[in-house]
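Comments concern the structure below.
The values are calculated or read from the model by the stated rules, or taken from the named source; none is laboratory data. Please read all numbers here as calculations on a predicted model, not as lab measurements. Neighbour counts are summed over all protein chains in view; Cβ atoms, including those assigned to glycine, are modelled from backbone coordinates with ideal geometry. Only protein heavy atoms, including side chains, enter the accessible area calculation; ligands, DNA and RNA are left aside. Shrake-Rupley method; radii C 1.70, N 1.55, O 1.52, S 1.80 Å.
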Amino acid sequence: KGRIEVGGPDSEAQLARTAQAKRHMRLSAELRQAVERDELILYGQPVLDLRSGQVVAVESLLRWMHPELSVLAPGDFLDVAEATDLIFPIGSRVLGEACRMAATWVDLLGPAAPSIHVNISGRQLEGGNLHREVLRALAGTGLDPSQLVLELTETHMPLIANSLKNDLQGLRDRGVKVAIDDLGTGYSSLTRITELPVDILKIDMSFVARMEEDPASAAVVRGILSIGDALGLDVIAEGVETPSQAVRLGEYGCTGVQGYLYSRPLPEEELLAHLAKAGR
Ligand code: C2E
Ligand code: MG
Ligand code: MG
Ligand code: MG
């Protein structure tokens, strides 16, 4: 404590820790204000059916319109939101906003309107309010539950399998769908998916990025697709960036695709223009 060795390894580690603590303090104060000032908004990224080219869904992705730093992505602040409990007001606002956005697409596009995917944090899952908040967001916007998809990550699988199973099943009984995000990254046994109340599997983009050079990555992609096939689940490949990846995924029988090749995450107005154009 208080011992400073200039230039030594201790001081470097200490500096890094101090920098981290400062970042955390500054960000948590700013984030609290951001929630009050509505600086957190949702972008949306289309998910397409590879065969028809139609936009079948949109994933909502959180952005912070920081007054000084321009647009921040979740990687810049989500850890602080989770550590400070700000994730709870943020998460319920995300649910409400996502449902509102999706309800406007139904008004404008009718039955062709894409469904909305919402990322749910582990803290929200553990918080015990998810069931109620989802129902509130649906009721508040009039969105049909079958238009809503909750994205949980593979690391939450034990939670989903045990304490949350009834909550999720209750929502699924009403038509809400559940997707497992970032599949392949969590070292869980893929066969455990058979026990979970899920509808959609999302292949993590790291496997898509490597599948053309790396046979092991290709095997993971094909493995997830064959599990999806056997269980009657939809599969979406994330992070599709090149036409040759799309061709390869098509050969593997993958139908759901999402990535920069088709569209970056877009702010609501641009997204709407994109959807209106794609619908014609
Ligand atoms: P995710 O759910 O796996 O979302 C996909 C991420 O990949 C997004 O990053 C998206 O912008 C990015 N992406 C999409 N296509 C491509 C591509 O072709 N290439 C590359 N390199 N990247 C692509 P983003 O928006 O920075 O979000 C990062 C993560 O933050 C998300 O990963 C999700 O776990 C989390 N997140 C985003 N929005 C929310 C939210 O509203 N609530 C919570 N709890 N987490 C969120
Ligand atoms: Mg996601
Ligand atoms: Mg993902
Ligand atoms: Mg991912």
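For segment 149-158, the set of residues classified as open to solvent by 20 Å² or more (accessible area, probe 1.4 Å), within 16 Å of ligand 4 (Cβ to nearest atom) and not β-branched (Val, Ile, Thr) consists of HIS156 only. One residue alone among ARG222, ARG210 is among the basic types (Lys, Arg), over 30 Å from ASP107 (Cα atoms) and in contact with a Gly (Cβ under 9 Å, 6 or more places away or on another chain), and that residue is ARG222.
Residue-by-condition table, conditions (1) under 28 Å from GLY127 (Cα atoms); (2) among the acidic types (Asp, Glu); (3) touching a Phe, Trp or Tyr at 6+ places or on another chain (Cβ under 9 Å); (4) without any contact (Cβ under 8 Å) to a residue 60 or more places away in the chain:
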position: VAL176; (1), (2), (3), (4): yes, no, no, yes
position: PRO197; (1), (2), (3), (4): yes, no, no, yes
position: ASP204; (1), (2), (3), (4): yes, yes, no, yes
position: GLU212; (1), (2), (3), (4): no, yes, no, yes
position: VAL220; (1), (2), (3), (4): no, no, yes, yes
position: ARG248; (1), (2), (3), (4): no, no, no, yes
position: TYR252; (1), (2), (3), (4): no, no, no, yes
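Of GLY232, GLY186, which residue is of a type outside the set (Phe, Trp, Tyr), out of contact with any helix residue (DSSP H, G or I) (no Cβ under 7 Å at 6 or more places or on another chain) and under 22 Å from VAL149 (Cα atoms)? Being of a type outside the set (Phe, Trp, Tyr), out of contact with any helix residue (DSSP H, G or I) (no Cβ under 7 Å at 6 or more places or on another chain) and under 22 Å from VAL149 (Cα atoms) holds for just one of GLY232, GLY186, which is GLY232.
Here GLY186 passes the criteria (1) away from ligand 1 (no atom under 13 Å from the Cβ); (2) at pLDDT below 95 except the one numbered (1). Considering segment 225-274 alone, what residues qualify as being hydroxyl-bearing (Ser, Thr, Tyr) and within 30 Å of LEU108 (Cα to Cα)? Hits for segment 225-274 are THR255, TYR260, TYR262, SER263.
When segment 54-71 is examined, which residues are found to be open to solvent by less than 40 Å² (accessible area, probe 1.4 Å) and under 27 Å from GLN147 (Cβ atoms)? Residues satisfying the conditions are VAL55, ALA57, VAL58, GLU59, SER60, LEU61, LEU62, ARG63, TRP64.
Every residue, every condition in (1) of a type in the set (Ser, Thr, Tyr); (2) touching a residue at least 24 places away in the same chain (Cβ under 8 Å); (3) buried (at least 22 other Cβ atoms within 10 Å of the Cβ), yes or no:
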residue	(1), (2), (3)
ALA73	no, no, no
ALA81	no, yes, yes
THR84	yes, yes, no
PRO89	no, yes, no
GLY110	no, no, no
GLU126	no, yes, no
THR141	yes, yes, no
ILE160	no, yes, yes
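When SER115, SER146, SER121 are checked against the criterion of being at pLDDT 90 or above, out of contact with any helix residue (DSSP H, G or I) (no Cβ under 9 Å at 6 or more places or on another chain) and open to solvent by 10 Å² or more (accessible area, probe 1.4 Å), SER146 stands alone in meeting it.
Of everything in segment 103-152 that's more than 16 Å from ligand 2 (Cβ to nearest atom) and part of a loop (DSSP other than H, G, I, E, B), which residue is farthest from PRO265 (Cα to Cα)? Filtering segment 103-152 for residues that are more than 16 Å from ligand 2 (Cβ to nearest atom) and part of a loop (DSSP other than H, G, I, E, B), the one farthest from PRO265 (Cα to Cα) comes out as GLY128.
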